[in-house]
1. Taking K and R as +1 and D and E as -1, what net charge do the other residues with C-beta under 12 Å from the C-beta of Ile327 add up to?
2. List every residue whose amide H lies under 5 Å from the amide H of Met165, counting only residues 5 or more places away in sequence or on a different chain, with H placed 1.01 Å from N in the peptide plane.
3. For the pair Leu316/Lys516, report the inter-label distance in nm, with labels modelled 7 Å from Cα in the Cβ direction.
4. What does the charge count near His337 come to, summing +1 for each Lys or Arg and -1 for each Asp or Glu among other residues with Cβ under 14 Å from its Cβ?
5. Mind putting together the pair-distance distribution for region 115-221? All Cα pairs, 5 Å bins, whole percent per bin, short to long.
6. For Glu380, Glu194, write out the residues from largest to smallest accessible area, computed with a 1.4 angstrom probe and no ligands counted.
7. On a 1.4 Å probe surface of the protein chains, which of Lys267, Lys362, Lys196 comes out largest in accessible area, and what is the full order?
8. How far apart, in nm, are the 7 Å Cα→Cβ label points at His270 and Lys209?
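The values are calculated or read from the model by the stated rules, or taken from the named source; none is laboratory data. Quick caveat: nothing in here was measured; it's all calculated off a predicted structure. Glycine gets a Cβ as well: all are built from the backbone with ideal geometry, and neighbour counts include every protein chain shown. All accessible areas refer to the heavy atoms of the entire protein, side chains included, with ligands and DNA or RNA removed. Shrake-Rupley method; radii C 1.70, N 1.55, O 1.52, S 1.80 Å.
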Amino acid sequence: MKQPVLETQIDFNGHQQLVPEKWKSDSPDLVADQNQAILLSHRKIIRRWNRLSRLQRSIFSALFLIIAASVILFYSSKVNTTDLYKNGDSNIIMEPLKNVSLVNEPIANDGQLKKAAEGDPNERPIFTGPSNARQYAVVESFKHAWKSYKEHAWGHDNLKPLSGMAFDWFSLGLTIVDGLDTAYIMGLTEEFEEGKQWVKNELIFTKSKDVNFFEVTIRVLGALLTNYHFTQDEMFLNKAKDLGDRLMAAFSSPSGIPYSDVNLGTKTAHAPEWSHYSTTAEVTTVQLEFRELSRATNDPVYEDAAAAVSEKIHQLPKKHGLVPIFINPNTGQFLPHATITLGARGDSYYEYLLKQWLQTGKTINYLLDDYMTAIEGVREFLAMRSSPNKHLFIGELSAGSESFNPKMDHLTCFLPGTLALGHANDLPDWHMTMAEELLYTCYLTYAVHPTFLAPEITHFNMASATNDMYTKTADAHNLLRPEFVESLWYMYQITGNTTYQEWGWQIFQSLEKYAKVPNGYTSLANVKSDKPLQRDMMESFFLSETLKYLYLLFSEDRFMIDLNKYVINSEAHPLPIHKN
(Lines give C-alpha, C1' and ligand atoms only; values in the text may rest on other atoms or scores of the structure.)
Protein backbone atom coordinates (compact mmCIF):
# COMPACT_ATOMS: atom_id res chain seq x y z
CA MET A 1 0.00 0.00 0.00
CA LYS A 2 1.37 3.37 -0.96
CA GLN A 3 2.22 5.49 2.08
CA PRO A 4 0.94 9.10 2.17
CA VAL A 5 3.49 11.84 1.70
CA LEU A 6 4.26 13.41 5.12
CA GLU A 7 5.09 17.04 5.84
CA THR A 8 6.20 18.78 9.04
CA GLN A 9 3.75 21.24 10.66
CA ILE A 10 3.68 23.12 13.99
CA ASP A 11 0.77 22.33 16.31
CA PHE A 12 -0.90 24.80 18.78
CA ASN A 13 1.59 23.97 21.50
CA GLY A 14 4.54 24.83 19.30
CA HIS A 15 5.59 21.22 18.70
CA GLN A 16 6.51 19.74 15.34
CA GLN A 17 4.40 16.92 13.96
CA LEU A 18 4.20 14.95 10.69
CA VAL A 19 0.97 15.45 8.75
CA PRO A 20 -0.13 13.67 5.54
CA GLU A 21 0.12 16.06 2.63
CA LYS A 22 -3.57 15.63 1.72
CA TRP A 23 -4.51 16.88 5.25
CA LYS A 24 -2.83 20.20 4.70
CA SER A 25 -5.26 23.08 4.69
CA ASP A 26 -3.87 24.45 1.44
CA SER A 27 -4.48 21.26 -0.63
CA PRO A 28 -6.40 22.30 -3.85
CA ASP A 29 -8.50 19.11 -3.98
CA LEU A 30 -9.48 19.37 -0.34
CA VAL A 31 -10.43 23.03 -0.67
CA ALA A 32 -12.62 22.30 -3.71
CA ASP A 33 -14.39 19.44 -1.90
CA GLN A 34 -14.98 21.64 1.13
CA ASN A 35 -16.41 24.48 -0.95
CA GLN A 36 -18.80 22.14 -2.78
CA ALA A 37 -20.06 20.68 0.50
CA ILE A 38 -20.64 24.13 1.99
CA LEU A 39 -22.58 25.25 -1.13
CA LEU A 40 -24.90 22.19 -1.00
CA SER A 41 -25.49 22.70 2.72
CA HIS A 42 -26.49 26.34 2.19
CA ARG A 43 -28.97 25.39 -0.55
CA LYS A 44 -30.67 22.82 1.73
CA ILE A 45 -31.04 25.42 4.52
CA ILE A 46 -32.58 27.96 2.11
CA ARG A 47 -35.09 25.41 0.70
CA ARG A 48 -36.20 24.41 4.22
CA TRP A 49 -36.56 28.07 5.26
CA ASN A 50 -38.76 28.83 2.25
CA ARG A 51 -41.11 25.95 3.14
CA LEU A 52 -41.88 27.57 6.55
CA SER A 53 -44.98 29.69 7.03
CA ARG A 54 -44.71 33.42 7.77
CA LEU A 55 -45.63 32.80 11.44
CA GLN A 56 -42.96 30.12 11.82
CA ARG A 57 -40.34 32.40 10.29
CA SER A 58 -41.32 35.20 12.70
CA ILE A 59 -41.03 32.89 15.70
CA PHE A 60 -37.60 31.63 14.63
CA SER A 61 -36.40 35.18 13.98
CA ALA A 62 -37.56 36.35 17.43
CA LEU A 63 -35.88 33.39 19.12
CA PHE A 64 -32.65 34.11 17.28
CA LEU A 65 -32.67 37.76 18.36
CA ILE A 66 -33.38 36.85 22.01
CA ILE A 67 -30.54 34.31 22.07
CA ALA A 68 -28.11 36.75 20.43
CA ALA A 69 -29.01 39.53 22.87
CA SER A 70 -28.58 37.18 25.85
CA VAL A 71 -25.14 36.12 24.67
CA ILE A 72 -24.05 39.74 24.20
CA LEU A 73 -25.32 40.78 27.65
CA PHE A 74 -23.66 37.80 29.31
CA TYR A 75 -20.34 38.52 27.65
CA SER A 76 -20.50 42.21 28.54
CA SER A 77 -21.18 41.47 32.21
CA LYS A 78 -18.20 39.13 32.33
CA VAL A 79 -15.94 41.78 30.86
CA ASN A 80 -17.18 44.51 33.19
CA THR A 81 -16.70 42.45 36.35
CA THR A 82 -13.23 41.25 35.51
CA ASP A 83 -10.17 43.48 35.77
CA LEU A 84 -6.64 43.50 37.08
CA TYR A 85 -7.88 43.20 40.67
CA LYS A 86 -10.93 40.88 40.84
CA ASN A 87 -13.43 43.20 42.54
CA GLY A 88 -15.55 42.25 45.51
CA ASP A 89 -13.54 39.37 47.00
CA SER A 90 -12.76 40.15 50.62
CA ASN A 91 -9.93 37.59 50.67
CA ILE A 92 -8.18 38.75 47.53
CA ILE A 93 -4.55 37.95 46.89
CA MET A 94 -3.39 39.23 43.54
CA GLU A 95 -1.42 37.08 41.17
CA PRO A 96 2.33 37.61 41.59
CA LEU A 97 3.43 40.47 39.42
CA LYS A 98 5.80 39.68 36.62
CA ASN A 99 8.88 41.71 35.80
CA VAL A 100 6.98 44.10 33.59
CA SER A 101 8.25 47.48 32.48
CA LEU A 102 7.17 50.62 34.27
CA VAL A 103 7.10 52.42 30.96
CA ASN A 104 4.78 52.25 27.99
CA GLU A 105 2.02 50.44 29.85
CA PRO A 106 -1.08 52.63 29.50
CA ILE A 107 -3.54 52.41 32.37
CA ALA A 108 -7.22 52.99 31.71
CA ASN A 109 -8.46 56.11 33.50
CA ASP A 110 -12.24 56.09 33.76
CA GLY A 111 -12.28 59.89 33.77
CA GLN A 112 -14.67 60.01 36.71
CA LEU A 113 -12.31 62.14 38.78
CA LYS A 114 -12.33 64.83 36.10
CA LYS A 115 -16.07 64.49 35.60
CA ALA A 116 -16.65 65.14 39.29
CA ALA A 117 -14.93 68.51 39.02
CA GLU A 118 -18.06 70.13 37.62
CA GLY A 119 -19.79 72.58 39.97
CA ASP A 120 -18.76 75.37 42.30
CA PRO A 121 -15.16 74.76 43.46
CA ASN A 122 -15.75 76.95 46.55
CA GLU A 123 -18.76 74.99 47.73
CA ARG A 124 -18.11 73.37 51.09
CA PRO A 125 -18.98 69.69 51.47
CA ILE A 126 -21.99 68.57 53.47
CA PHE A 127 -21.39 65.59 55.74
CA THR A 128 -24.41 63.55 56.81
CA GLY A 129 -22.79 60.77 58.81
CA PRO A 130 -22.20 57.09 58.02
CA SER A 131 -24.28 55.40 55.33
CA ASN A 132 -23.30 51.74 55.63
CA ALA A 133 -22.18 49.13 58.14
CA ARG A 134 -18.46 49.57 57.52
CA GLN A 135 -18.62 53.31 58.02
CA TYR A 136 -20.66 52.80 61.19
CA ALA A 137 -17.95 50.45 62.45
CA VAL A 138 -15.25 53.07 61.86
CA VAL A 139 -17.36 55.71 63.59
CA GLU A 140 -17.71 53.42 66.60
CA SER A 141 -13.93 53.03 66.66
CA PHE A 142 -13.46 56.80 66.62
CA LYS A 143 -16.01 57.22 69.42
CA HIS A 144 -14.24 54.57 71.49
CA ALA A 145 -10.86 56.27 70.99
CA TRP A 146 -12.27 59.76 71.68
CA LYS A 147 -14.19 58.65 74.80
CA SER A 148 -11.12 56.93 76.23
CA TYR A 149 -8.95 59.95 75.52
CA LYS A 150 -11.56 62.23 77.12
CA GLU A 151 -11.68 60.11 80.27
CA HIS A 152 -7.93 59.71 80.76
CA ALA A 153 -6.02 62.42 78.87
CA TRP A 154 -8.36 65.30 77.97
CA GLY A 155 -6.40 68.41 77.04
CA HIS A 156 -3.10 66.55 76.78
CA ASP A 157 -1.39 65.59 73.53
CA ASN A 158 -1.77 61.81 73.57
CA LEU A 159 -3.35 58.97 75.49
CA LYS A 160 -1.42 56.00 76.85
CA PRO A 161 -4.29 53.52 76.64
CA LEU A 162 -2.80 50.62 78.61
CA SER A 163 -1.83 52.61 81.67
CA GLY A 164 -4.72 55.06 81.28
CA MET A 165 -2.34 58.01 81.50
CA ALA A 166 -1.69 61.17 79.49
CA PHE A 167 1.40 62.01 77.48
CA ASP A 168 2.47 65.51 76.45
CA TRP A 169 4.75 66.35 73.56
CA PHE A 170 3.96 70.01 72.84
CA SER A 171 1.16 70.57 75.38
CA LEU A 172 -1.27 71.62 72.65
CA GLY A 173 -4.04 69.06 73.08
CA LEU A 174 -2.93 67.38 69.84
CA THR A 175 -5.52 64.60 69.87
CA ILE A 176 -8.40 67.09 70.17
CA VAL A 177 -7.18 69.53 67.54
CA ASP A 178 -5.89 66.88 65.15
CA GLY A 179 -8.99 64.69 65.36
CA LEU A 180 -11.62 67.44 65.33
CA ASP A 181 -12.29 67.56 61.58
CA THR A 182 -12.59 63.76 61.55
CA ALA A 183 -15.45 64.09 64.04
CA TYR A 184 -17.01 66.75 61.82
CA ILE A 185 -16.71 64.60 58.69
CA MET A 186 -18.25 61.65 60.54
CA GLY A 187 -21.21 63.76 61.65
CA LEU A 188 -20.33 63.41 65.33
CA THR A 189 -21.89 66.66 66.55
CA GLU A 190 -21.40 66.06 70.27
CA GLU A 191 -17.73 65.18 69.98
CA PHE A 192 -17.09 68.05 67.59
CA GLU A 193 -18.77 70.61 69.84
CA GLU A 194 -16.91 69.57 72.98
CA GLY A 195 -13.63 69.64 71.08
CA LYS A 196 -14.47 73.03 69.59
CA GLN A 197 -15.17 74.45 73.06
CA TRP A 198 -11.80 73.20 74.29
CA VAL A 199 -10.05 74.85 71.34
CA LYS A 200 -11.93 78.09 71.99
CA ASN A 201 -11.28 78.23 75.73
CA GLU A 202 -8.15 76.21 76.42
CA LEU A 203 -5.91 76.19 73.33
CA ILE A 204 -3.28 78.87 73.86
CA PHE A 205 0.15 79.38 72.34
CA THR A 206 1.75 81.64 74.97
CA LYS A 207 3.65 78.98 76.92
CA SER A 208 7.43 79.26 76.70
CA LYS A 209 7.89 75.79 75.23
CA ASP A 210 9.79 74.50 72.21
CA VAL A 211 7.75 72.67 69.59
CA ASN A 212 8.62 71.06 66.29
CA PHE A 213 7.86 73.56 63.53
CA PHE A 214 6.74 70.93 61.01
CA GLU A 215 4.62 68.79 63.33
CA VAL A 216 2.72 71.75 64.78
CA THR A 217 2.17 73.18 61.29
CA ILE A 218 0.64 70.04 59.78
CA ARG A 219 -1.27 68.91 62.88
CA VAL A 220 -2.46 72.11 64.54
CA LEU A 221 -2.31 74.88 61.93
CA GLY A 222 -3.63 72.55 59.22
CA ALA A 223 -6.47 71.34 61.44
CA LEU A 224 -7.52 74.86 62.45
CA LEU A 225 -7.65 75.97 58.83
CA THR A 226 -9.70 72.94 57.77
CA ASN A 227 -12.19 73.44 60.57
CA TYR A 228 -12.48 77.11 59.64
CA HIS A 229 -13.15 76.19 56.01
CA PHE A 230 -15.76 73.57 56.94
CA THR A 231 -17.61 75.70 59.52
CA GLN A 232 -16.70 79.33 58.67
CA ASP A 233 -16.33 79.89 62.41
CA GLU A 234 -13.94 82.86 62.81
CA MET A 235 -12.67 81.43 66.09
CA PHE A 236 -10.72 78.78 64.18
CA LEU A 237 -9.20 81.37 61.84
CA ASN A 238 -8.20 83.64 64.72
CA LYS A 239 -6.46 80.72 66.44
CA ALA A 240 -4.74 79.82 63.18
CA LYS A 241 -3.49 83.37 62.67
CA ASP A 242 -2.15 83.56 66.24
CA LEU A 243 -0.31 80.28 65.76
CA GLY A 244 0.95 81.23 62.30
CA ASP A 245 2.39 84.50 63.60
CA ARG A 246 4.36 82.57 66.23
CA LEU A 247 5.54 79.88 63.82
CA MET A 248 6.92 82.54 61.47
CA ALA A 249 9.96 82.73 63.76
CA ALA A 250 11.22 79.54 62.12
CA PHE A 251 11.97 81.46 58.90
CA SER A 252 14.39 83.81 60.69
CA SER A 253 17.48 81.79 59.72
CA PRO A 254 20.24 83.41 57.59
CA SER A 255 19.11 81.42 54.53
CA GLY A 256 15.35 81.55 55.08
CA ILE A 257 15.32 77.74 55.37
CA PRO A 258 13.31 77.15 58.57
CA TYR A 259 14.81 76.09 61.85
CA SER A 260 13.29 72.88 63.17
CA ASP A 261 12.34 74.13 66.65
CA VAL A 262 10.17 77.10 67.61
CA ASN A 263 9.37 78.51 71.03
CA LEU A 264 5.79 79.65 70.61
CA GLY A 265 5.74 81.81 73.74
CA THR A 266 8.92 83.79 73.00
CA LYS A 267 8.54 83.65 69.19
CA THR A 268 12.11 82.45 68.74
CA ALA A 269 13.54 79.54 66.78
CA HIS A 270 16.71 77.47 66.65
CA ALA A 271 18.25 74.31 65.25
CA PRO A 272 17.67 71.07 67.17
CA GLU A 273 19.99 70.26 70.04
CA TRP A 274 21.33 67.18 68.27
CA SER A 275 22.31 68.83 64.97
CA HIS A 276 22.85 72.05 63.03
CA TYR A 277 20.58 70.69 60.30
CA SER A 278 16.87 70.75 59.63
CA THR A 279 15.08 67.83 58.01
CA THR A 280 14.42 68.34 54.30
CA ALA A 281 10.90 66.88 54.43
CA GLU A 282 9.99 69.08 57.39
CA VAL A 283 11.01 72.41 55.84
CA THR A 284 9.23 71.55 52.57
CA THR A 285 6.00 70.28 54.14
CA VAL A 286 4.56 73.51 55.50
CA GLN A 287 3.74 75.32 52.26
CA LEU A 288 0.15 74.12 51.87
CA GLU A 289 -0.74 75.35 55.34
CA PHE A 290 1.01 78.73 55.20
CA ARG A 291 -0.39 79.42 51.73
CA GLU A 292 -3.92 78.66 52.94
CA LEU A 293 -3.39 80.91 55.98
CA SER A 294 -2.47 83.76 53.62
CA ARG A 295 -5.50 83.13 51.42
CA ALA A 296 -7.85 82.94 54.42
CA THR A 297 -6.49 86.10 56.10
CA ASN A 298 -5.70 87.99 52.89
CA ASP A 299 -2.15 88.54 54.20
CA PRO A 300 0.61 87.31 51.83
CA VAL A 301 3.37 87.26 54.43
CA TYR A 302 2.87 83.61 55.38
CA GLU A 303 2.72 82.30 51.83
CA ASP A 304 5.70 84.38 50.75
CA ALA A 305 7.95 82.96 53.47
CA ALA A 306 6.98 79.35 52.84
CA ALA A 307 7.01 79.60 49.05
CA ALA A 308 10.52 81.09 49.17
CA VAL A 309 11.73 77.85 50.76
CA SER A 310 10.44 75.81 47.84
CA GLU A 311 12.06 78.24 45.41
CA LYS A 312 15.43 78.01 47.19
CA ILE A 313 15.37 74.22 47.18
CA HIS A 314 14.33 74.25 43.53
CA GLN A 315 17.62 75.99 42.76
CA LEU A 316 19.84 73.53 44.67
CA PRO A 317 21.66 70.71 42.83
CA LYS A 318 20.02 67.30 43.25
CA LYS A 319 20.52 63.72 42.14
CA HIS A 320 18.02 63.61 39.28
CA GLY A 321 15.46 65.41 41.40
CA LEU A 322 16.14 63.40 44.56
CA VAL A 323 17.10 65.28 47.72
CA PRO A 324 19.26 64.40 50.76
CA ILE A 325 17.28 64.28 53.98
CA PHE A 326 19.15 67.09 55.81
CA ILE A 327 19.60 70.77 54.98
CA ASN A 328 21.50 73.49 56.85
CA PRO A 329 19.30 76.51 57.70
CA ASN A 330 22.40 78.72 58.10
CA THR A 331 23.90 78.02 54.68
CA GLY A 332 20.80 76.85 52.84
CA GLN A 333 22.72 73.83 51.50
CA PHE A 334 22.01 70.11 51.72
CA LEU A 335 24.16 67.91 53.93
CA PRO A 336 26.45 66.25 51.33
CA HIS A 337 25.96 62.51 50.83
CA ALA A 338 23.10 62.26 53.32
CA THR A 339 20.58 59.45 52.89
CA ILE A 340 18.16 59.76 49.98
CA THR A 341 14.82 58.15 50.77
CA LEU A 342 11.07 58.41 50.31
CA GLY A 343 10.71 57.24 53.89
CA ALA A 344 11.33 59.16 57.10
CA ARG A 345 12.72 62.71 56.68
CA GLY A 346 12.34 62.64 52.89
CA ASP A 347 8.81 61.50 52.07
CA SER A 348 6.59 64.57 52.07
CA TYR A 349 9.01 66.78 50.09
CA TYR A 350 7.86 64.90 47.01
CA GLU A 351 4.22 64.84 48.08
CA TYR A 352 4.07 68.63 48.54
CA LEU A 353 5.63 69.38 45.16
CA LEU A 354 2.60 67.91 43.42
CA LYS A 355 0.07 69.18 45.95
CA GLN A 356 1.38 72.76 45.88
CA TRP A 357 1.05 72.73 42.11
CA LEU A 358 -2.55 71.56 42.46
CA GLN A 359 -3.32 73.97 45.32
CA THR A 360 -2.32 76.93 43.14
CA GLY A 361 -4.47 75.92 40.20
CA LYS A 362 -1.57 74.28 38.32
CA THR A 363 0.01 77.68 37.77
CA ILE A 364 3.51 77.28 39.27
CA ASN A 365 5.39 75.27 36.69
CA TYR A 366 8.68 74.74 38.53
CA LEU A 367 6.82 72.71 41.18
CA LEU A 368 5.52 70.35 38.53
CA ASP A 369 8.93 70.20 36.84
CA ASP A 370 10.62 69.30 40.14
CA TYR A 371 7.99 66.64 40.84
CA MET A 372 8.27 65.06 37.39
CA THR A 373 12.07 65.03 37.57
CA ALA A 374 11.96 63.51 41.06
CA ILE A 375 9.61 60.68 40.05
CA GLU A 376 11.89 59.95 37.08
CA GLY A 377 14.72 59.79 39.62
CA VAL A 378 12.73 57.42 41.82
CA ARG A 379 12.19 55.14 38.83
CA GLU A 380 15.87 55.25 37.84
CA PHE A 381 17.62 55.00 41.21
CA LEU A 382 15.20 53.77 43.89
CA ALA A 383 12.58 51.52 42.24
CA MET A 384 13.75 47.90 42.30
CA ARG A 385 12.21 44.43 42.18
CA SER A 386 12.54 41.75 44.80
CA SER A 387 13.41 38.12 44.29
CA PRO A 388 11.94 35.68 43.42
CA ASN A 389 8.50 37.22 42.65
CA LYS A 390 9.61 40.60 41.24
CA HIS A 391 7.59 42.79 43.62
CA LEU A 392 8.20 46.48 43.05
CA PHE A 393 9.54 48.40 46.04
CA ILE A 394 11.24 51.74 46.69
CA GLY A 395 14.63 51.50 48.38
CA GLU A 396 17.12 54.07 49.66
CA LEU A 397 20.55 55.46 48.83
CA SER A 398 22.54 55.12 52.03
CA ALA A 399 24.34 57.97 53.73
CA GLY A 400 27.99 58.36 52.83
CA SER A 401 28.35 55.82 50.03
CA GLU A 402 24.99 56.44 48.36
CA SER A 403 24.85 52.68 47.74
CA PHE A 404 21.43 51.11 47.27
CA ASN A 405 19.78 49.78 50.42
CA PRO A 406 16.76 47.46 49.79
CA LYS A 407 14.63 48.66 52.70
CA MET A 408 11.31 50.50 52.56
CA ASP A 409 9.61 52.41 55.39
CA HIS A 410 5.87 52.05 55.81
CA LEU A 411 5.86 55.83 55.36
CA THR A 412 6.78 55.24 51.70
CA CYS A 413 3.33 53.75 51.12
CA PHE A 414 2.05 57.32 50.71
CA LEU A 415 3.59 57.26 47.22
CA PRO A 416 0.95 55.16 45.37
CA GLY A 417 -1.73 57.68 46.29
CA THR A 418 0.42 60.62 45.22
CA LEU A 419 1.31 58.96 41.92
CA ALA A 420 -2.36 58.20 41.24
CA LEU A 421 -3.28 61.80 42.05
CA GLY A 422 -0.73 63.00 39.53
CA HIS A 423 -2.00 60.62 36.88
CA ALA A 424 -5.55 61.81 37.48
CA ASN A 425 -4.24 65.27 36.62
CA ASP A 426 -2.85 64.16 33.25
CA LEU A 427 0.63 63.02 34.25
CA PRO A 428 2.08 59.99 32.38
CA ASP A 429 0.42 56.57 32.39
CA TRP A 430 3.47 54.85 33.85
CA HIS A 431 2.89 56.82 37.08
CA MET A 432 -0.33 54.84 37.52
CA THR A 433 1.38 51.57 36.66
CA MET A 434 3.96 52.26 39.35
CA ALA A 435 1.20 53.26 41.79
CA GLU A 436 -0.73 50.01 41.33
CA GLU A 437 2.34 47.79 41.62
CA LEU A 438 3.75 49.59 44.64
CA LEU A 439 0.36 49.56 46.37
CA TYR A 440 0.24 45.79 45.99
CA THR A 441 3.69 45.50 47.57
CA CYS A 442 2.48 47.65 50.46
CA TYR A 443 -0.52 45.34 50.80
CA LEU A 444 1.82 42.35 51.02
CA THR A 445 3.73 43.96 53.91
CA TYR A 446 0.46 43.52 55.83
CA ALA A 447 -0.64 40.18 54.39
CA VAL A 448 2.57 38.26 55.10
CA HIS A 449 2.27 38.71 58.87
CA PRO A 450 -0.04 36.76 61.22
CA THR A 451 -1.48 40.01 62.55
CA PHE A 452 -2.23 41.24 59.01
CA LEU A 453 -0.52 44.49 60.04
CA ALA A 454 2.60 46.03 58.54
CA PRO A 455 5.90 46.68 60.32
CA GLU A 456 7.53 50.10 60.46
CA ILE A 457 10.24 48.96 58.01
CA THR A 458 10.33 46.10 55.50
CA HIS A 459 13.53 44.71 53.99
CA PHE A 460 13.62 43.10 50.55
CA ASN A 461 15.70 40.28 49.09
CA MET A 462 17.37 40.91 45.76
CA ALA A 463 18.65 37.36 45.18
CA SER A 464 16.45 34.93 47.05
CA ALA A 465 14.75 31.77 45.85
CA THR A 466 12.18 31.78 48.64
CA ASN A 467 11.10 35.01 50.38
CA ASP A 468 10.81 38.44 48.75
CA MET A 469 10.72 40.33 52.02
CA TYR A 470 11.57 39.99 55.68
CA THR A 471 11.17 42.01 58.87
CA LYS A 472 13.87 42.59 61.44
CA THR A 473 12.75 42.43 65.06
CA ALA A 474 13.88 46.02 65.67
CA ASP A 475 11.63 47.18 62.81
CA ALA A 476 8.59 45.02 63.55
CA HIS A 477 6.55 47.58 65.52
CA ASN A 478 3.33 49.13 64.23
CA LEU A 479 2.32 52.67 65.20
CA LEU A 480 -1.19 52.52 63.62
CA ARG A 481 0.15 54.60 60.73
CA PRO A 482 -2.17 55.78 57.94
CA GLU A 483 -0.06 55.76 54.75
CA PHE A 484 -1.36 52.54 53.22
CA VAL A 485 -5.05 53.29 53.81
CA GLU A 486 -4.37 56.84 52.61
CA SER A 487 -3.21 55.48 49.25
CA LEU A 488 -6.14 53.06 49.18
CA TRP A 489 -8.54 56.01 49.45
CA TYR A 490 -6.81 57.92 46.66
CA MET A 491 -6.90 54.88 44.41
CA TYR A 492 -10.53 54.19 45.26
CA GLN A 493 -11.68 57.75 44.50
CA ILE A 494 -9.68 57.92 41.28
CA THR A 495 -10.49 54.45 39.88
CA GLY A 496 -13.67 53.35 41.62
CA ASN A 497 -12.10 49.92 42.14
CA THR A 498 -13.80 48.36 45.18
CA THR A 499 -10.90 45.96 45.76
CA TYR A 500 -9.22 48.82 47.60
CA GLN A 501 -12.18 48.91 49.98
CA GLU A 502 -11.78 45.20 50.63
CA TRP A 503 -8.10 45.61 51.44
CA GLY A 504 -8.94 48.47 53.78
CA TRP A 505 -11.57 46.36 55.52
CA GLN A 506 -8.99 43.65 56.15
CA ILE A 507 -6.70 46.22 57.78
CA PHE A 508 -9.53 47.66 59.87
CA GLN A 509 -10.49 44.20 61.16
CA SER A 510 -6.86 43.61 62.17
CA LEU A 511 -6.74 46.91 64.05
CA GLU A 512 -9.91 45.91 65.90
CA LYS A 513 -8.47 42.51 66.76
CA TYR A 514 -4.97 43.46 67.86
CA ALA A 515 -4.84 47.21 68.64
CA LYS A 516 -8.17 47.83 70.38
CA VAL A 517 -8.00 47.84 74.16
CA PRO A 518 -10.53 48.91 76.82
CA ASN A 519 -9.12 52.46 76.92
CA GLY A 520 -8.58 53.18 73.23
CA TYR A 521 -6.17 51.80 70.64
CA THR A 522 -2.52 51.03 71.18
CA SER A 523 0.56 50.70 69.01
CA LEU A 524 2.10 47.23 68.80
CA ALA A 525 5.61 45.95 69.41
CA ASN A 526 5.87 43.05 66.95
CA VAL A 527 3.55 42.31 64.03
CA LYS A 528 5.32 38.99 63.44
CA SER A 529 3.67 37.50 66.52
CA ASP A 530 0.04 36.42 66.57
CA LYS A 531 0.01 37.67 70.17
CA PRO A 532 1.91 40.96 69.80
CA LEU A 533 3.04 42.95 72.80
CA GLN A 534 1.38 46.34 73.10
CA ARG A 535 3.34 49.60 73.39
CA ASP A 536 0.92 51.85 75.28
CA MET A 537 0.57 54.84 72.92
CA MET A 538 -2.26 56.18 70.78
CA GLU A 539 -0.88 58.80 68.41
CA SER A 540 -3.08 61.72 67.36
CA PHE A 541 -2.71 60.70 63.71
CA PHE A 542 -4.72 57.55 64.42
CA LEU A 543 -7.82 59.73 64.80
CA SER A 544 -6.79 62.40 62.33
CA GLU A 545 -5.59 60.15 59.51
CA THR A 546 -6.03 56.39 59.88
CA LEU A 547 -9.69 56.41 60.93
CA LYS A 548 -10.54 59.34 58.64
CA TYR A 549 -9.12 57.63 55.57
CA LEU A 550 -10.88 54.37 56.44
CA TYR A 551 -14.19 56.21 56.84
CA LEU A 552 -13.76 57.94 53.46
CA LEU A 553 -12.60 54.68 51.84
CA PHE A 554 -15.78 52.87 52.87
CA SER A 555 -18.10 55.62 51.64
CA GLU A 556 -20.50 54.82 48.84
CA ASP A 557 -19.91 58.39 47.66
CA ARG A 558 -16.25 58.20 46.81
CA PHE A 559 -16.17 61.97 46.11
CA MET A 560 -17.23 62.85 49.65
CA ILE A 561 -14.09 64.98 49.77
CA ASP A 562 -13.48 65.74 46.11
CA LEU A 563 -9.85 65.70 45.02
CA ASN A 564 -10.69 68.23 42.33
CA LYS A 565 -11.57 70.74 45.04
CA TYR A 566 -9.21 69.85 47.88
CA VAL A 567 -5.61 68.99 48.52
CA ILE A 568 -5.09 66.88 51.62
CA ASN A 569 -2.18 67.95 53.78
CA SER A 570 0.30 65.49 55.26
CA GLU A 571 -1.89 65.06 58.36
CA ALA A 572 -5.09 64.39 56.35
CA HIS A 573 -6.56 67.89 56.75
CA PRO A 574 -8.36 68.96 53.53
CA LEU A 575 -7.50 72.44 52.23
CA PRO A 576 -9.28 74.10 49.30
CA ILE A 577 -7.72 74.36 45.84
CA HIS A 578 -7.34 77.89 44.49
CA LYS A 579 -7.31 79.12 40.92
CA ASN A 580 -3.90 80.76 41.21
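1. In short, +2.
2. Residues meeting the criterion, in which the H sits 1.01 Å from N, are Lys160.
3. Label at Leu316, label at Lys516, 4.5 nm between them.
4. Value of the local net charge: 0.
5. 2, 11, 18, 19, 18, 15, 9, 5, 3, 1, 0
6. Largest accessible area first, the list is Glu380, Glu194.
7. Largest to smallest exposure gives the sequence Lys267, Lys362, Lys196.
8. 1.8 nm
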